[in-house]
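The values are calculated or read from the model by the stated rules, or taken from the named source; none is laboratory data. Worth saying up front: this structure is predicted, and the values here are computed from it rather than measured. All Cβ positions, glycine included, derive from the backbone under ideal geometry; neighbour counts span all protein chains shown. In case anyone asks, the SASA skips ligands and DNA or RNA and just uses the protein heavy atoms, side chains included. Shrake-Rupley method; radii C 1.70, N 1.55, O 1.52, S 1.80 Å.
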Amino acid sequence: MARMKFPRRYVIVLLTFICTNVCYVERVGFSIAYTVAADGINVNQANKGMILSMFYYGYVLSQIPGGWAAQRLGGRRVLLLSFVLWSLICGLIPLDPNRVVILVLSRLFVGVAQGFIFPAIHTVLAQWVPPQERSRSVSLTTSGMYLGAAGGMLFFPSLVKHMGPQSVFFVEAVLGVAWSVIWFKFSSEPPRTDLPKVSMPKVASREKIKAQSGGVVAPRTVKIPWRRIIFSLPVWAIVVNNFTFHYALYVIMNWLPTYFELALKLSLQDMGSSKMLPYFNMFIFSNIGGVVADHLITKRILSVTKTRKLLNTIGFVAAAVALMALPSFGTPSGTVICSSVSLGFLALGRAGFAVNHMDVAPKFAGIVMGVSNTAGTLAGIVGVGLTGNILEAAKASNMDLTSSETWKTVFFVPGYLCIFSSVIFLIFSTGEKIFE
């Protein structure tokens, strides 16, 4: 009876939520710890941008291999191995801005390890979660990213202040190992359909397994339609929006602390709980988007296609307006409000493009996610590195980095990208299955 009230697929969704939470604790934690350590020895903005972006160089290398590995080896196993690897690196590598080669290599390998995670998660969810629960399940899972970022922004500045930057690595390693143990103990592979032909009683038994798993079973191993995926316009609509989402997110995640310190003369330690509001807002809006999407679809108010397009458009257009308004305020409260609105509505938009992987290719969700997230990772490389170069160019032109006007280009670029991406998704996306 207890199992009927709390099906196994809910355990899987909860564990993947915690997984994304811990991943973003790590990413935000490194950004905070490294920024403090680098500022202590006067590392310039371009070099800071280079180190902060190295994670994404590793991350981009393993997205498509991550989808392939999850498809072939199973998402459960791939998630476990990737978590153990990056946790060990965090626990063993010293955070010393003077040891550039070690920092570059460590961030590269952490990126490679974490690159397997999201394709594996989408493979797991596509196998366990039935279509009518996908929007809220994916939204809950991905909202862990934002809760992790919020927690990191709240907790790590004080930890760095009292225990030093290296303490962040230790906490991250402990969290990673703890999740790995919990995942190994409580997760399981989904029931499989690649069984030999059986008699009717065994078929009935298989249907019972399918019902217990939420109506979704793992697909048999089939040939991956790489050519069709690469040349599919609906897939490209997802790819473009994933790029834009992560460009905006990574620029804010990595450079907003610097904006507060240079333009607003306010350190993270002095901001209190307000520094976590943008990410907490993402957590709230992400889950609102998932619930609204599933309601519109299950009540037949809108088709899957129209639901995805509606939420994606609302999310990205509202985010664009807030991003472009951000440098105009020039106050801490105005910046917190604008960044909270922009990230919140971006998270709402994930009920559009991010769930769409499983709409168009439920059997190959991990593969499509790998392709899509490759673009999202390139956004991290381009956005974080480009922002550092924009600021260095402004400084070379004798522009004042302490003026919010100088930062307009930093926030206008993702704003324009949001508008462009929403139009692409409106034109080319679909909620129908296109890959069998």
* **Choice from Asn44, Asn287, Asn398 showing the highest fluctuation, given a GNM over the chain with Cα pairs closer than 10 Å** => Asn398
* Of Lys363/Lys433; Lys161/Lys395; Lys299/Lys363; Lys306/Lys363; Lys309/Lys363; Lys185/Lys363, those spanning more than 20 Å from alpha-carbon to alpha-carbon -> Lys161/Lys395; Lys299/Lys363; Lys306/Lys363; Lys309/Lys363; Lys185/Lys363
* Hypothetical label at Leu88: residues of the range 96-121 whose amide nitrogen lies under 15 Å (7 Å Cα-Cβ projection) -> 106, 109-114
* Asked: With helices defined as uninterrupted DSSP H runs, which ones in the chain have an alpha carbon span along their own long axis of at least 27 Å and mean Kyte-Doolittle hydropathy of at least 1.0?
  -> 166-186, 277-298, 304-329, 365-396, 408-428
* Asked: P(r) of the range 107-153 in 10 Å steps, Cα pairs, percent per bin?
  -> 23, 42, 30, 5
* To do: Tell me what the chain gives for mean residue ellipticity at 222 nm when only DSSP H runs of n ≥ 4 count, each as -39,500 (n - 2.57), the sum divided by the residue total, rounded to 500 deg cm²/dmol.
  => -26000 deg cm²/dmol
* Of all the accessible heavy-atom surface of the range 58-199, with the other protein chains kept in place and a 1.4 Å probe, what percent is carbon and sulfur? -> 73 percent
* To do: Using the 2.2 N^0.38 Å rule of thumb for compact globular proteins, work out how the chain stacks up: its C-alpha Rg over that value, please.
  => 0.97
* Structure fact -> In whole angstrom, largest first, the equivalent ellipsoid semi-axes that the Cα gyration tensor gives for the range 223-364 are 33, 17, 12
* Asked: If you rank Glu432, Glu392 by how much accessible surface each has, with a 1.4 Å probe, what is the order from largest down?
  -> Glu432, Glu392
* Hey, what's the chain come to in accessible area per residue, 1.4 Å probe, Å²? -> 40 Å²
